[in-house]
Structures are given as C-alpha cells and as structure tokens.
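**Student:** Please read through the structure below; I'll follow up with questions.
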Amino acid sequence: MAATPLGRKVPRLALGVLVPGLLVLGCFSEPEPEPPSTTQPPPPRVGRMSDFYMVFPCRIVDTRRSAPLTYGRAQSFQIGGEGCDIPISAVAVAATVATLGTDGRGLLGFQSYTDRGALEIGFEEAVPRSTFVLLPLAVDGSITVTVQGRGASHFVVDVTGYFAPVQAPDDPLSSSAPPR
C-alpha cells in the first residue's frame, strides 16, 4: 500500500502480460510489517547437510507377495544398500508410497526410530491411495512400518531419489560422485 498525503493507505495497481495478447490488471498491497516476535527462534538444523541424488524410478518395497501388515505387527524394511542405487549412507528417500487396504481402516506408520521423523498414511478397504513423501531412514538405512487401527494393508514404495550427507569440502577423499 502506498501512503497518501493524509496518511491513508491505498492499494497499488499492477499491469502485466501473462500470455501474449492477454493483459492483466491486478491490485496488490504491500505486506504489513510483522510485530516483534515474542517466541524463540526455531532451533538450528541438527546433523549434517544433505544433497539430493535422483535415481530411475524403482520399486524397492512391495508387500503384496506376502501377508498384509496388521495391527500390532511392526515390520522393518531395508531401503539403503538394498537396490535401486540407494546407498547405505542415505538419510532419506524421495518416494511414492501407495497403500492397498485389504481389510478395515487404519494408518500405516513409517518410522525411522531416529530423530529424523516419521509419517502416517491412511488406508481403507478396497480404496488404494498414494502420495509422494520424503521418507526418513534409520541410521542403518531401514524403515519400520506399523499398522494403527483395525485393519490390514499392503503397500508399495517406489523411490525416485535419495538424500545423502554432504562431503566436507576440505576432505581430500570427497568427490562429486554420490556416496555408495
């Protein structure tokens, strides 16, 4: 907003061309200044920085070849170092997770059992769902999956990339190639 001589704020107008031959007239205002924060700043990032490496899409987990996961039964799956060019040093993977509910409703909980976080994906009987996730991995490159709720589900994990720790620049062994 621009201030007028009387101190009132009026919106500014903008004229732009989004597509050749199409003129757009818009109204925008400047953001109001934020009041001073009384909360503490967020904590600093814990751990080493990571770089992202893309891989060809690859199915690394498919539980349809075995019994579905059920309530109270946690199962670990090795992701790092097991294929799809994901190294054991990976700290997280970029993946599409699809739940294929076979009975009832519930949540599939994906947990790394570290400080890197966890996530949950809901499922229903005969209603497949999929979502893109950044899935944190345990230190050994695995994830543990549990079912919460009264149901059973199969799931698949298709990876498209991974995050690996950045090599220190003064490290003589560092290279531009991803760690394996």
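**Student:** Applying the selection to segment 75-89, what residues are of a type in the set (A, V, I, L, M, F, W, C) and either surrounded by fewer than 19 Cβ atoms within 10 Å (Cβ to Cβ) or at pLDDT below 90 (or both)? Full working, then the answer.
**Tutor:** Narrowing segment 75-89 to residues of a type in the set (A, V, I, L, M, F, W, C): 77, 79, 84, 86, 88.
Hits for segment 75-89 are Phe77, Ile88.
**Student:** I would also like to ask the following. Restricting to segment 135-157, give me the number of residues that are assigned to a strand (DSSP E or B) and surrounded by 19 or more Cβ atoms within 10 Å (Cβ to Cβ). Show your work before the answer.
**Tutor:** Quick first cut of segment 135-157, residues assigned to a strand (DSSP E or B) only: 135-136, 142-148, 151-157.
Now narrow it down to the ones that are surrounded by 19 or more Cβ atoms within 10 Å (Cβ to Cβ): 135-136, 143, 145-147, 151-155, 157.
Total meeting the criteria: 12.
**Student:** Still on this structure, please answer the following. Collect the residues in segment 68-125 that are among the hydrophobic types (A, V, I, L, M, F, W, C) and not in a strand (DSSP E or B), keeping them in residue-number order.
**Tutor:** Keep residues of segment 68-125 that are among the hydrophobic types (A, V, I, L, M, F, W, C), which gives 69, 74, 77, 79, 84, 86, 88, 90-95, 97-98, 100, 107-108, 110, 118-119, 121, 123.
Answer for segment 68-125, where residues must be among the hydrophobic types (A, V, I, L, M, F, W, C) and not in a strand (DSSP E or B): Ala74, Ile79, Cys84, Ile86, Ile88, Ala90, Val91.
**Student:** Cβ-Cβ distance below 8 Å, separation of 6 or more or different chains: which pairs start in segment 105-133 with a residue that is more than 14 Å from Val91 (Cα to Cα) and end on one that is modelled with pLDDT of 90 or more and exposed (fewer than 14 other Cβ atoms within 10 Å of the Cβ)?
**Tutor:** Once the first residue is more than 14 Å from Val91 (Cα to Cα) and sits in segment 105-133, its partners that are modelled with pLDDT of 90 or more and exposed (fewer than 14 other Cβ atoms within 10 Å of the Cβ) give Ile121/Thr131.
**Student:** Here's a follow-up. What residue, of Gly72, Gly106, Gly47, is surrounded by 13 or more Cβ atoms within 10 Å (Cβ to Cβ) and either among the small types (Gly, Ala, Ser) or at pLDDT below 85 (or both)?
**Tutor:** Values: Gly72 fails: surrounded by 13 or more Cβ atoms within 10 Å (Cβ to Cβ); Gly47 fails: surrounded by 13 or more Cβ atoms within 10 Å (Cβ to Cβ).
Just one listed residue meets the conditions, Gly106.
The values are calculated or read from the model by the stated rules, or taken from the named source; none is laboratory data. Since the structure is predicted, the reported quantities are computational estimates derived from the model, not experimental observations. Every residue, glycine as well, gets a Cβ built from its backbone with ideal geometry; the counts of neighbours run over all protein chains shown.
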